[in-house]
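Q: I am attaching a structure below and will ask some questions about it afterwards.
Laboratory data are not the source of any read-out in this text; all were calculated from the coordinates shown. A quick note: this is a predicted structure, and the numbers were derived from the prediction, not measured. Every residue, glycine among them, receives a Cβ derived from its backbone with ideal geometry; neighbour counts consider all protein chains shown.
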Amino acid sequence: MVRSVAEHKYFVFYKPYQVLSQFTSSDGRASLSLFNFPKDCYPVGRLDYDSEGLLIITNDKSLNQKLLSPKYRHRRTYFVQVEGVPMSEDLEKLSKGVEINIQGKTYRTLPAVAEVLVDEPNLPERVPPIRFRKNIPTTWLSITLMEGKNRQVRKMTAKIGYPTLRLVRYSIEKLNIEGFNSGEIRQFSKEKITKLLNL
């Protein structure tokens, strides 16, 4: 008997704020089950509940390994709204690597690319929006990492004294969420997604 091989499916999803990067929720929080994905698909990696942006949903297990294994490093760019106005010397610290706490141990981050975005990025409104405070300015940064530790970006900006207010994963390699609405799902072919991810 010849078994039929399941067709691989690839979805790019703009994960909204306050949605878990999993299909189940034991505490009533919103999860991926609210969205129309095939039953055999699952997220590649994760985004925190309070982060937004690019999440890949697929049934191709090999993609998971290629994107998440430390031996295959991929550029991940985040647009980060922070409290305050970082100076160039602050961004230089991020670029060189800072010490953060990962599971109770001190970890030095790999060199990153950290820049101030002159213009506010073209992103969908967050629901609910961040709390506006007239006396405290905010700044949008672009931070590109070659790794993805738990809550790493938030820990990095806090380390240099600028707490993260809003965090959006914009791209992985050349795959990005430009023009997406929050909660939008787009299906990609294997050829297109592997090309954009430089796999």
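Q: Go through LYS61/LYS149; LYS105/LYS155; LYS9/LYS66; LYS66/LYS159; LYS71/LYS159; LYS71/LYS149 and tell me which ones have a Cα-Cα distance over 18 Å in this structure.
A: The answer is LYS61/LYS149; LYS66/LYS159; LYS71/LYS159.
Q: Counting pairs of alpha carbon atoms under 8 Å apart in space and at least six apart in sequence, what relative contact order in percent does the chain give?
A: Once normalised by length, the contact order is 30 percent.
Q: Report the extension gain between LEU34 and GLN22 in nm, rounded to one decimal, defined as 0.36 nm multiplied by the number of residues separating them, less their alpha carbon distance.
A: The span from LEU34 to GLN22 would gain 3.3 nm if fully extended.
Q: So what are segment 1-110's ellipsoid semi-axes, whole angstrom, largest first, if each one is the square root of 5 times an eigenvalue of the alpha-carbon gyration tensor?
A: Gyration-tensor ellipsoid for segment 1-110: 32, 19, 13 Å.
Q: Kindly provide the chymotrypsin sites (Phe, Trp or Tyr not before Pro) of segment 65-173 that DSSP labels as loop, not H, G, I, E or B, and whose Cβ sees at most 16 other Cβ atoms within 10 Å. Walk me through the numbers on the way to the answer.
A: Numbers: sites: TYR72, TYR78, PHE79, TYR107, PHE132, TRP140, TYR170; in loops: TYR72, PHE132.
Those that pass, being in a loop and sparsely packed, are TYR72, PHE132.
Q: Put one equal scatterer on each alpha carbon of segment 39-81, apply the Debye formula with no solvent term, and list log10 I(q)/I(0) at q = 0.19 1/Å to two decimals.
A: These q points yield log10 I(q)/I(0) values of -0.68.
Q: Which order results if SER189, SER171, SER25, SER51 are arranged by neighbouring Cβ count within 10 Å, fewest first?
A: Neighbour counts put them in this order, fewest first: SER189, SER25, SER171, SER51.
Q: Between ASP50 and SER88, with labels modelled 7 Å along Cα→Cβ, what's the label distance in nm to one decimal, could you check?
A: Going from the ASP50 label point to the SER88 one covers 3.3 nm.
Q: Right, next: What number comes out for the charge environment of LEU165, summing +1 per Lys or Arg and -1 per Asp or Glu over other residues with Cβ under 11 Å away? Don't jump to the answer; show the numbers that get you there.
A: Values: positive: ARG126, ARG131, ARG133, ARG154, ARG166; negative: ASP50, GLU83.
With Lys, Arg at +1 and Asp, Glu at -1, the neighbours total +3.
Q: Could you give the spread of the C-alpha atoms of segment 76-172 along their three principal axes, from largest to smallest, in whole angstroms?
A: Principal extents (largest minus smallest coordinate, Cα): 36, 28, 25 Å.
Q: Based on Cβ point charges of +1 for Lys and Arg and -1 for Asp and Glu, what charge dipole magnitude is obtained for the chain about its Cα centre, in debye rounded to the nearest 20?
A: Working: 32 positive and 21 negative charges, 129 e Å.
Here the chain has a charge dipole of around 620 debye.
Q: List the residues of segment 44-84 whose backbone N lies under 19 Å from a point placed 7 Å from the Cα of GLU178 along the Cα-to-Cβ direction.
A: 53-56, 75-80
Q: Over all directions, how big on average is the projection of the convex hull of the alpha-carbon atoms in the chain, in square nanometres?
A: Values: hull surface 54.1 nm².
The directionally averaged projection comes out at 13.5 nm².
Q: Projecting each Cα onto the charge dipole of the chain (Lys/Arg +1, Asp/Glu -1 at the beta carbon, about the Cα centre), which of TYR162, GLN103, PHE13 comes out farthest on the positive side?
A: So the residue furthest toward the plus end is GLN103.
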